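A.B. asks: Got a structure here, written out as C-alpha cells. Questions coming.
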Ligand code: NAD
Ligand code: UGA
C-alpha cells in the first residue's frame with residue numbers, strides 16, 4: 001500500500017509550510033490542507049503570493065509550484081478526512097487559560113476536536129499523525145476519542161513532531177537534522193510508520209529518519225524546545241553578569257561555543273526569546289513534572305522562563321531609566337516587532353512585553369517592522385493589557401521620516417535591514433543626545449559610539 005491522499009488539519013505556520021514541502025516532493029500524493037478559518041484558507045489560495053498568511057522565505061515558490069497540482073487548501077474538513085488515508089493534526093496547542101493546569105498545561109481542546117471530527121467523518125481505516133506539539137501520552141487520549149466515536153474502522157496513531165524554526169522553515173523542512181516518527185510497536189503500528197517514512201524518504205536520507213515508540217517521540221519534542229530555550233536563558237543570565245564585571249558576552253559566547261562539546265548555536269544573547277512555542281512547551285514540561293510530583297525537576301525548567309522575563313524587564317528598565325535620568329521626552333522609536341527576523345509572526349515577541357512596560361511609564365512608542373501589520377501590533381498589546389490605549393503607539397512605514405523627533409531608538413528584532421541602515425546619516429538628523437538600545441547586539445557598537453550615539457547593548461560595555 002502507498003499513501004495517495006493526505007489531509008492536514010490546521011493551515012498555520014506548521015501545517016502550511018510542511019504540507020507545501022510534502023506536496024512538492026511527492027507529486028503523486030494529493031495533499032489537502034484544511035482549516036476552520038475561512039480567511040486563512042482564502043489567503044492560502046490567493047493569486048497574489050504576497051498575501052499568503054505565513055511569511056517565510058522560499059515558501060511562495062513552493063506554493064506556486066505545487067498549489068493546484070497536488071496541493072490544495074480548503075475548509076471542507078469532513079470531505080478531505082473522508083478521502084484521505086493519512087491525516088495530520090497540525091492545530092494549535094496553547095497554554096490553558098482556565099480549569100485544571102491553568103497557566104501551565106497544554107490546552108488540547110483543538111486536538112481533541114480534530115480527533116472527534118476524524119472519527120465521525122471516517123468510513124475507512126486511517127493513519128492519524130500528531131504533528132502538533134503535545135504532552136507525552138496524548139496519543140493515548142486521541143486513540144480513546146477515535147475509538148469511542150467510531151469503532152468500525154482501524155486508526156493507527158503516529159507522533160511526528162515538527163522541528164522547523166520560523167524564518168528558516170523551508171530550509172529546515174528541506175534538509176531536516178532529523179525527522180522523528182513514533183508509533184506503536186505492533187505489526188499495524190510498524191506498517192503505519194513505514195508508510196510515513198516512505199513519504200519523507202522522497203527527499204530525506206533514511207539515516208536522518210528516526211523511528212521510536214510513541215511516548216519517546218512526544219517527549220523528545222518538548223525536551224528539544226526546552227534545551228534550546230535553556231541555552232538562551234543561560235547566555236542571557238550571563239549577559240547581566242558581563243555588564244557588572246566588564247566581560248563581553250559576545251566574546252564569552254564565542255569562547256564557550258568553540259568548545260565542540262558545547263557548540264556555537266543558540267548562544268546569542270537577546271532581549272529574551274519569543275515565539276509561540278518555547279514558553280508554552282516549557283510551561284507544559286513544568287506541569288507534567290509537577291503532576292508526577294517532581295517538584296525539583298519542575299522548578300529547574302521553570303527557571304528558564306523566569307530568566308527570560310527578567311531579561312525583558314531589565315531591558316525595558318534601562319530605557320525608562322535613561323529617559324528619566326536624562327530628562328528626555330517620553331517617546332521612543334522601536335525597530336522590529338516580530339519575535340525574530342524573516343517572519344511575520346509576533347507571538348510572545350519580546351517587543352510586546354518591553355512596549356507594555358514602557359507604556360506603563362507613559363512613554364509613547366512609534367513602531368516599525370518590515371513584515372508586521374499595524375492591526376497585529378494593536379492586537380498584541382491589547383491581549384497583554386486590556387486597558388491598552390492605542391493612541392500611545394503609532395505604526396510608522398518609514399522609521400526615519402521623522403527621526404528629528406526622537407532621542408531614543410530601540411532595536412527589538414534582528415532584521416538585516418536594521419544593520420545596513422546609514423547610521424551616520426541617522427545620527428546627523430536625530431534629536432541629540434541620541435541613544436540606541438540594541439536588544440539583539442546587531443550593531444557594531446564601537447562604530448556606533450564613534451558616530452556619537454550613546455549605545456546600550458546587552459552584556460557588553
Ligand atoms: P497556528 O496557530 O499558526 O495554526 C493552527 C491552525 O489550526 C489555525 O489556523 C487554526 O484555525 C487551525 N485549527 C484549530 N482548530 C481547528 C480545527 N478543529 N479544525 C480545523 N482547523 C483548526 O499554529 P502553528 O504555529 O502552526 O502550530 C501548530 C502546532 O505545531 C502547535 O502544537 C505548535 O506547538 C507546533 N509547532 C509550531 C512550530 C512553529 O514554528 N510555529 C514549530 C513546531 C511545532
Ligand atoms: C523553535 C525551535 O528552534 C524549533 O526547532 C521548534 O520547532 C519551534 O521552536 C517550535 O516548536 O515552535 P522558533 O521559535 O520558530 O523555533 O524560532 P527560534 O529560532 O528557535 O527562536 C526562538 C526565539 O529565540 C527567538 O525570539 C529568537 O530570537 C531567540 N533566540 C534564538 C535567541 O535569543 N538567541 C539565540 O541564540 C537563538
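FYI, it's all coordinate maths here, none of it is from the lab. Here the structure is a predicted model, which means the values were calculated and not measured. Cβ coordinates were reconstructed from backbone atoms using ideal geometry, including for glycine residues, and neighbour counts include every protein chain displayed.
A.B. asks: Over the Cα atoms, compute the radius of gyration (one decimal) and Dmax (the largest Cα-Cα distance, rounded to a whole number) for the stretch 112-235, in Å.
C.D. replies: 15.6, 53
A.B. asks: For the stretch 321-384, what value does the Rg/Rh ratio take when both radii are computed over Cα atoms and Rh is the Kirkwood radius, given to two decimals?
C.D. replies: With Rh from the inverse mean 1/r over Cα pairs, Rg/Rh is 0.99.
A.B. asks: Mind sorting 231, 312, 428 by how few other Cβ atoms lie within 10 Å of their own Cβ, fewest first?
C.D. replies: 428, 231, 312
A.B. asks: List the pair-distance distribution P(r) of the stretch 314-461, using every Cα-Cα distance, as the percent of pairs falling in each 5 Å bin from 0 up to the bin containing the longest distance, rounded to whole percents.
C.D. replies: 2, 10, 22, 24, 23, 14, 5, 1, 0
A.B. asks: Which parts of the stretch 341-381 would a label at residue 402 reach, counting a residue when its backbone N lies under 11 Å from a point 7 Å out along Cα-to-Cβ?
C.D. replies: 365-367
A.B. asks: Give the order of 343, 391 when sorted by the count of other beta carbons within 10 angstrom, beginning with the fewest.
C.D. replies: The fewest-first ordering by Cβ neighbours comes to 391, 343.
A.B. asks: Also, quick follow-up: With the crude spin-label approximation of a point 7 Å out along Cα→Cβ, what separation in nm comes out for residue 383 versus residue 310?
C.D. replies: With each label point 7 Å from Cα toward Cβ, the separation is 2.7 nm.
A.B. asks: So what's the projected area for the stretch 62-169, the Cα convex hull averaged over all directions, in nm²?
C.D. replies: 8.3 nm²
A.B. asks: With N residues in the stretch 147-186, what two-decimal value do you get for its Cα radius of gyration over 2.2 N^0.38 Å?
C.D. replies: Dividing the Cα radius of gyration by 2.2 N^0.38 Å gives 1.71.
A.B. asks: Note down the relative contact order for the chain as a percent, whole number, built from C-alpha pairs under 8 angstrom at least six residues apart.
C.D. replies: Computed over the chain, the figure is 12 percent.
A.B. asks: Okay, moving on. At 0.36 nm per residue, minus the direct Cα-Cα distance, what do residue 251 and residue 152 gain on full extension? Give it in nm, one decimal, please.
C.D. replies: 29.4 nm
A.B. asks: Please compute the modelled spin-label separation between residue 296 and residue 79, points set 7 Å along Cα→Cβ, answer in nm with one decimal.
C.D. replies: Rounded to a tenth, the inter-label distance reads 5.8 nm.
A.B. asks: Moving on. Report the Stokes-Einstein translational diffusion coefficient (µm² s⁻¹, integer) for the stretch 251-404, Rh taken as the Kirkwood radius over Cα pairs, at 25 °C with viscosity 0.890 mPa s.
C.D. replies: Answer, rounded: 140 µm²/s.
A.B. asks: Quick one: Kirkwood hydrodynamic radius for the stretch 360-424, alpha-carbon pairs, angstrom, one decimal?
C.D. replies: About 13.3 Å for the stretch 360-424.
A.B. asks: Any chance you could run the full-extension gain for residue 234 through residue 186? It's 0.36 nm times the residue separation minus the Cα-Cα distance, nm to one decimal.
C.D. replies: 13.1 nm
A.B. asks: I want to verify the translational diffusion coefficient of the chain in µm²/s; compute it with Stokes-Einstein, Rh as the Kirkwood radius over Cα pairs, at 25 °C and 0.890 mPa s.
C.D. replies: D = 103 µm²/s.
A.B. asks: Could you give the C-alpha radius of gyration of the stretch 16-105 expressed as a fraction of 2.2 N^0.38 Å, taking N as the number of residues it contains?
C.D. replies: 1.24
A.B. asks: Two decimals is fine: what's Rg over Rh for the stretch 78-135, C-alpha atoms, Kirkwood radius as Rh?
C.D. replies: Answer for the stretch 78-135: 1.06.
A.B. asks: Take the stretch 271-326, compute every pairwise Cα distance, and split them into 10 Å bins from 0; I just need the percent in each bin.
C.D. replies: Calculated over all Cα pairs of the stretch 271-326, the distribution is 23, 37, 23, 13, 4, 0 percent.
A.B. asks: Based on the Cα gyration tensor of the stretch 192-284, what are the three equivalent ellipsoid semi-axes, each the root of five times an eigenvalue, rounded to whole Å and given largest first?
C.D. replies: 35, 17, 10
A.B. asks: A follow-up question, please. Do me a favour and compute the ellipsoid semi-axes for the stretch 221-336 from its Cα gyration tensor, root of five times each eigenvalue, largest one first, whole Å.
C.D. replies: 29, 20, 13
A.B. asks: Between the stretch 93-152 and the stretch 310-389, what is the separation of their alpha carbon centroids in Å?
C.D. replies: 36 Å
A.B. asks: Here's a follow-up. Tell me whether the stretch 1-67 comes out rounded, prolate or oblate; compute the Cα gyration tensor, take square roots of the eigenvalues as a ≥ b ≥ c, and use a/c under 1.5 as the rounded threshold.
C.D. replies: oblate
A.B. asks: When the helix-only estimate is applied to the chain (DSSP H runs of n ≥ 4, each -39,500 (n - 2.57), divided by the residue count), what is the mean residue ellipticity at 222 nm, nearest 500 deg cm²/dmol?
C.D. replies: So the calculated ellipticity at 222 nm is -13500 deg cm²/dmol.
A.B. asks: What is the gain in length, in nm to one decimal, between residue 97 and residue 69 on full extension, counting 0.36 nm per residue of separation less the C-alpha to C-alpha distance?
C.D. replies: 6.0 nm
A.B. asks: For residue 45 and residue 432, FRET efficiency with R0 = 60 Å and r from the beta-carbon atoms, rounded to 0.05?
C.D. replies: 0.70
A.B. asks: How many nm is it between the label spots at residue 174 and residue 422, if each spot is 7 Å from the Cα in line with the beta carbon?
C.D. replies: 3.4 nm
A.B. asks: Right, next: Output the antiparallel fraction of DSSP beta bridges having both residues in the stretch 315-396, as a percent to the nearest 5.
C.D. replies: Once the DSSP bridges in the stretch 315-396 are tallied, antiparallel ones form about 0 percent.
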